[in-house]
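The values are calculated or read from the model by the stated rules, or taken from the named source; none is laboratory data. Computed from a predicted model, the values in this text were never measured in an experiment. Reconstructed Cβ throughout: ideal geometry from the backbone, glycine too, with neighbour counts over all protein chains shown. Protein only, heavy atoms only, side chains kept; ligands, DNA and RNA dropped before computing areas. Shrake-Rupley method; radii C 1.70, N 1.55, O 1.52, S 1.80 Å.
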Amino acid sequence: MAKPKRRYICQACGSVTHRWQGQCADCGEWNTLSEEAPETVFSAKHDLSGGGRTIAFEPLDKPGEKLVRRSTGIAEFDRALGGGLVPGSAVLMGGDPGIGKSTLLIQAAAQMARAGGEVVYISGEEAAGQVRLRAERLGLSDAPIRLAAATSVRDILTTLGSMAPPALLVIDSIQTMHSDQIEGAPGTVSQVRASAFELIRFAKECGAALVLVGHVTKDGSIAGPRVLEHMVDVVMSFEGERSHQYRILRNLKNRFGPVDEIGVFAMAGQGLEEVGNPSMLFLSGRENAVPGSAVFPAMEGTRPVLVEIQALIVRLASGATPRRAVVGWDNGRLAMLLAVLEARCGLNFSSCEVYLNVAGGYRLGDPAADLAVAAALISALADRPLPNDAVWFGEVSLAGEVRPVAHGPLRLKEAAKLGFAKAFGPGDGAGLSKGHREITLLRNLVDQVMGGS
């Protein structure tokens, strides 16, 4: 009998190799390969083309049972989910340690339980007494939640099979679960994949909404195999700076609704509180106009959010190496924008230190922020404040052109609602209606240097 081959699986990306090596050849991570139990001769040669039962096909146009979303009792959570939890769906929530994932889920579980839904909360990282202490601190100890501390998937599914299917099942966290059918310690690729598969299968069969809490790596991405994100229906990220009180629940994948929706929360003594108007939150403290400050109307899914972009320019003595520091925006995009301002507009940043910050701990990924960042940089360099009642949005190309972006009318509507009478946008003005607002159309950055700032 031939000796079964050894298999090594990368804990970061899930790639398979038959030889151990220090660095994964696919993702480039170091010391992430771990040995997995080899395939048996039976599993390697077994033919699956016969012996199964025939499945029934259904026409696409046949009307099916309409799924009714269940509200979590937290409006911002429902908004990020696309309207609420879909029965039978699997949600994966990731976030930095201590950011508030367990706090948010225990609050949502308590609201659903108080509304009459059957809620089961399984903790694999904390004892039941620790979870109870958190609930008491948040004033939720009277909620009829079924609470348990367990890590065995077999024990969990056996217990759930002997009772009525819950409306919500929370597993905190998936990295602590283990299956006795798989060799390996909890948290390995094979264990996480097998445990998640069994829990998701249970949720699909009984119609329970499943929420899996996931760990994150150093760079903030969800830990474990990438296949875990493909297995679930919704992937959410709970973000925020621990030094700030504000938290953002971001939707990264959603099979039942729009992607990139966000929910905004503020950490308080009684847990996470909803922030209904995040624009006012991120624009607080802007009473006086100062150089280097520009307001950008960002889009998060279907929600416009106004944020303040702050820039600071420090001139250095000749020969000193300037520093570039960015908080809340892409460092490479700032370098590109500085190069465009120097090459196309003749502005000199080579002898200056540049500091850029998105106020309130907010993180921007919208390319429409280019124009607002450029306005803040030019204002800081010239030491002249921008109009305090103006917003800026538009993508900047390498040629210095200001290109159109999506959802221009929505951005302007949110700006007008908060009292911003002026707007600087893309030069073609596509889809922009002036109405009662003053809109200045910029075709390139030279127009901004000459007239905007």
Legend entry - the chain: angle of helix 331-345 to the longest principal axis, Cα-based, in degrees nearest 10: 20
Legend entry - Degrees between helix 189-206 axis and first principal axis of the chain (Cα, 0 to 90, nearest 10): 80
Inset, instruction - Please turn the phi angles of region 173-182 into ³J(HN,Hα) values with the Karplus equation 6.51 cos²θ - 1.76 cosθ + 1.60 (θ = phi - 60°), one per residue in order, whole Hz, x for glycine and proline. - result: 10, 5, 6, 9, 7, 9, 10, 6, 8, 10
Inset, instruction - Amide H neighbours of Met299 under 5 Å, at least 5 residues apart or on other chains, H built in the peptide plane: list them. - result: Val305
Legend entry - Label of the coordinate-derived value, volume of the Cα convex hull per residue in Å³, listed as (i) 132; (ii) 143; (iii) 211: (iii)
Legend entry - Heavy-atom accessible surface of region 60-154: percent carbon and sulfur, 1.4 Å: 50
Inset, instruction - At 1.4 Å probe size, with every protein chain present, just tell me what the per residue accessible area of the chain comes to in Å². - result: 49
Inset, instruction - Determine, for each peptide in 10-18, 101-109, 370-378, the mean count of other beta carbons within 10 angstrom over its residues, then list the peptides with the highest first. - result: 370-378, 101-109, 10-18
Inset, instruction - At 0.36 nm per residue, minus the direct Cα-Cα distance, what do Asp155 and Ala317 gain on full extension? Give it in nm, one decimal, please. - result: 51.5 nm
Legend entry - Leu410 versus Arg6: modelled label distance in nm, points set 7 Å from Cα along the beta carbon direction: 5.3
Inset, instruction - Using amide H atoms built 1.01 Å from N in the peptide plane, name the residues 5+ places from Asn444, or on other chains, whose amide H lies under 5 Å from its own. - result: Val402
Inset, instruction - Would you please put 407-413, 381-387 in order of how densely packed they are, using the mean number of other Cβ atoms within 10 angstrom per residue and starting with the highest? - result: 407-413, 381-387
Inset, instruction - Quick one: net charge around Ile106, please, counting Lys, Arg +1 and Asp, Glu -1 for every other residue with C-beta under 12 Å from its C-beta. - result: +1
Legend entry - Cβ-isolated cysteines (cut-off 4.7 Å), the chain: Cys206, Cys345, Cys352
Inset, instruction - With runs of 4+ DSSP H residues as the only contributors, calculate the mean residue ellipticity of the chain at 222 nm using -39,500 (n - 2.57) per run, divided by the residue total and rounded to the nearest 500. - result: -7000 deg cm²/dmol
Inset, instruction - Out of all DSSP beta bridges with both ends in the chain, state the antiparallel percent to the nearest 5. - result: 50
Inset, instruction - Round to the nearest 10 and give me the degree value, 0 to 90, for the angle of helix 101-114's Cα axis relative to the longest principal axis of the chain. - result: 70
Legend entry - Amide H within-cut-off set for Met93, under 5 Å, with H built and near neighbours excluded: Leu212, Val213, Gly214, Met236
Inset, instruction - Provide the solvent-accessible area of Met280, counting protein heavy atoms only and rolling a 1.4 Å probe, rounded to the nearest 10 Å². - result: 110
Legend entry - Backbone HN-Hα couplings from phi across region 244-251 [Karplus 6.51/-1.76/1.60, Hz, Gly and Pro as x]: 9, 8, 8, 10, 10, 9, 10, 8
Legend entry - Karplus-derived 3J(HN,Hα), 6.51/-1.76/1.60, for each residue of region 264-278, Hz, glycine and proline x: 10, 10, 10, 7, 10, x, 9, x, 8, 10, 6, 10, x, 10, x
